[in-house]
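For reference, the structure is listed below as structure tokens.
Bear in mind that the values in this text are calculations on the coordinates, not laboratory data. The structure presented is a predicted model; accordingly, all values stated were derived computationally and were not measured. Cβ sites come from the backbone with ideal geometry, for glycine too, and all protein chains shown count toward neighbours.
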Amino acid sequence: MSKVISIVNMKGGVGKTTLSVALADFVSAVLQKRVCLVDIDAQSNASFAIAGEERYQTFIQQGKTIDRFFLANGNVFGGTPLSSFVQHQVSRIDSQPPLSLIAASPRLRLVERQILIKLARQNLFDQELEGRAGKALRDGLKDLTSKGVTVIIDSAPGISGFSTAALRASDMVIAPVNPDYLSSIGLQLLGRDVLPKLNVTKPPPLFAVLTKVRQNVTHPHLAWFTNRDNQAQAGFTLMHTRVPLNADLGRAVEEGDIVQSFAQKYGSAVASVTQLGAEVMQRVEDL
């Protein structure tokens, strides 16, 4: 059975969507394994980057976005199987097997609010949202992983009910972090206050990946992340791979219509993306 990997951080702007897309591309194009990127970020950047504007509009028009899985026709978690929302062969990268996608939409935030209101009218609280959404998502993802599909979840910044549901369904959590103070705070909140309180038998392990590291620049807070005592206290393991600040990596997740190879898409960033993908998948195998 394959695994579920969530990419999440309490802080935005750390490269979460970039790493989600890059990791999915690596599994598909380099390892040539089946992978599905699940977007639960209302910003929908991963969905837009992978599918392009025209196909993304079609997904929304057809109601094939994950908000409809959580709430459709007034039914909360009681409708269509998650597998029905999988869009196959959506990537514009030349890979076999092609990458699959479960797209998000900007309605996702509104849907979460609507569900909370429905639950409140039944004298239920937000923990019920997390529990029910977590079970629905976990059961749906298990159907994918049982068929050999690696699942990568691009979560929204911060921790919403749906993000918590995704964490409950995950086997591993990866937190992209910039080598700065604010990223360290977000990482500590995730490792000490969120994951241990997921109300699951075994919380998923948390791995941090340093991103946007500038070459030949001194990062005053970098030592905090590499300190083993800090890692133990904050509940994370720092991965060996560091992802440098790279213009090609930024362009790789821009929407476009050109079908290209993995090497063409990532350009000068291909080495760091390959190294990161290999390390992530090795740690998955070691779970």
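Remarks
- Summed side-chain charge close to residue 239 - residues other than residue 239 whose Cβ falls under 15 Å, Lys, Arg +1, Asp, Glu -1: +2
- Projecting the Cα atoms of 189, 244, 219 onto the dipole axis of region 184-245, where Lys and Arg carry +1 and Asp and Glu carry -1 at the beta carbon, places 244 farthest toward the positive end.
- Here's the picture: charge each Lys and Arg Cβ at +1 and each Asp and Glu Cβ at -1 in region 4-285, and of 98, 146, 49 the one pushed furthest to the positive end of that dipole is 146.
- Charge dipole (Cα centre; +1 on Lys/Arg Cβ, -1 on Asp/Glu Cβ; no other charges) of the chain amounts to roughly 500 debye.
- Of all complete DSSP H helices in the chain, those with a Cα span along the helix axis of 15 Å or greater and a mean Kyte-Doolittle hydropathy of -1.0 or more are 45-61, 108-120, 270-285.
- Note on residue 80/residue 53: beta-carbon distance plugged into 1/(1 + (r/R0)^6) with R0 of 25 Å gives a FRET efficiency of 0.50.
- Taking the DSSP bridge list for the chain and keeping only pairs wholly inside it, about 10 percent are antiparallel.
- Each Lys or Arg adds one and each Asp or Glu subtracts one; over the other residues with Cβ under 13 Å from the Cβ of residue 29, this totals +2.
- Each of the peptides 46-54, 190-198 was scored by the mean count of other Cβ atoms within 10 Å over its residues; in descending order, highest first, they stand as 46-54, 190-198.
- Spacing of the modelled spin labels on residue 197 and residue 233, each 7 Å from Cα toward Cβ, amounts to 2.0 nm.
- Max mean-square fluctuation residue, GNM over the chain, Cα-Cα springs under 10 Å, options 56, 181, 266: 181
- Using a Förster distance of 45 Å, the FRET efficiency for residue 263-residue 116 (Cβ separation, nearest 0.05): 0.50
- Estimated FRET transfer efficiency (residue 287, residue 222; beta-carbon r; R0 30 Å; 0.05): 0.65
- Amide H partners (placed H, <5 Å) of residue 153, local residues excluded: 5, 6, 7, 38
- Ranked by how many other beta carbons lie within 10 Å on average, peptides 110-120, 205-215 from highest: 205-215, 110-120
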